[in-house]
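Have a look at the structure below, then the notes.
The values are calculated or read from the model by the stated rules, or taken from the named source; none is laboratory data. Just so it is clear, the model here is predicted, and its values are computed rather than measured. Positions of Cβ are backbone-derived with ideal geometry, glycine not excepted, and every protein chain shown enters the neighbour counts.
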Amino acid sequence: MGSVFGRFYLLLLLAATFAYPTGAHAQTNSVAEAKTIPRYLVYFDEFSAYLSPDSKAKIALVAKQAKAAGIKMITVQARASATGTVQTNKYLAMTRASIVADELAADGIAPTMIEQEPIGQTGSSDPSVFNRRVDIILHP
């Protein structure tokens, strides 16, 4: 009986050994694909759509890099934390997306190249800065 268990265990170990690299390879490809599309984050204070001087400088740098790289499309995804009502956070996300898009346009990006995606409320009731942001995604 012990040898049957030993063979089964060995078979399981071999199966896991051969299955692991395939899964790791698939995960590596999806991670690599995500890294090929540049993404820049602009953070906001709670219940605010104010762009700080640092945020404006970051957006200007993104615009400069986008023009230099010949980027064809820029997506502006805006989020809000779960503090407040869903409707308020949706409006806040719309406002944040619009302000960042306007700043990109002021920095020389054609408005027709900018797609706004106000996502709205994300996350739990945690008002962390991670959820109060705009993602600027450059598409080649």
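Check region 36-58 and report whether any residue there is modelled with pLDDT under 90 and more than 20 Å from residue 119 (Cβ to Cβ).
Yes, region 36-58 contains a residue that is modelled with pLDDT under 90 and more than 20 Å from residue 119 (Cβ to Cβ).
Given the conditions (1) hydroxyl-bearing (Ser, Thr, Tyr); (2) more than 17 Å from the chain's Cα centre (by Cα); (3) surrounded by 15 or more Cβ atoms within 10 Å (Cβ to Cβ), and given that residue 52 satisfies all but one, which numbered condition is not satisfied?
With respect to (1) hydroxyl-bearing (Ser, Thr, Tyr); (2) more than 17 Å from the chain's Cα centre (by Cα); (3) surrounded by 15 or more Cβ atoms within 10 Å (Cβ to Cβ), residue 52 is out only on (3).
Just one of (1) in a helix (DSSP H, G or I); (2) farther than 25 Å from residue 113 by Cβ; (3) of a type in the set (Val, Ile, Thr); (4) at pLDDT 50 or above trips up residue 22, so point out which.
(4)
Of the numbered conditions (1) surrounded by 14 or more Cβ atoms within 10 Å (Cβ to Cβ); (2) modelled with pLDDT of 95 or more; (3) not in a strand (DSSP E or B), residue 112 satisfies every one except a single condition; which is it?
Unmet for residue 112, out of (1) surrounded by 14 or more Cβ atoms within 10 Å (Cβ to Cβ); (2) modelled with pLDDT of 95 or more; (3) not in a strand (DSSP E or B): (1).
Per-residue answers, yes or no, for (1) more than 15 Å from residue 43 (Cα to Cα); (2) of a type in the set (A, V, I, L, M, F, W, C); (3) part of a helix (DSSP H, G or I):
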residue	(1), (2), (3)
55	no, no, yes
66	yes, yes, yes
83	yes, no, no
91	yes, no, yes
95	no, no, yes
100	no, yes, yes
105	yes, yes, yes
119	no, yes, no
136	no, yes, no
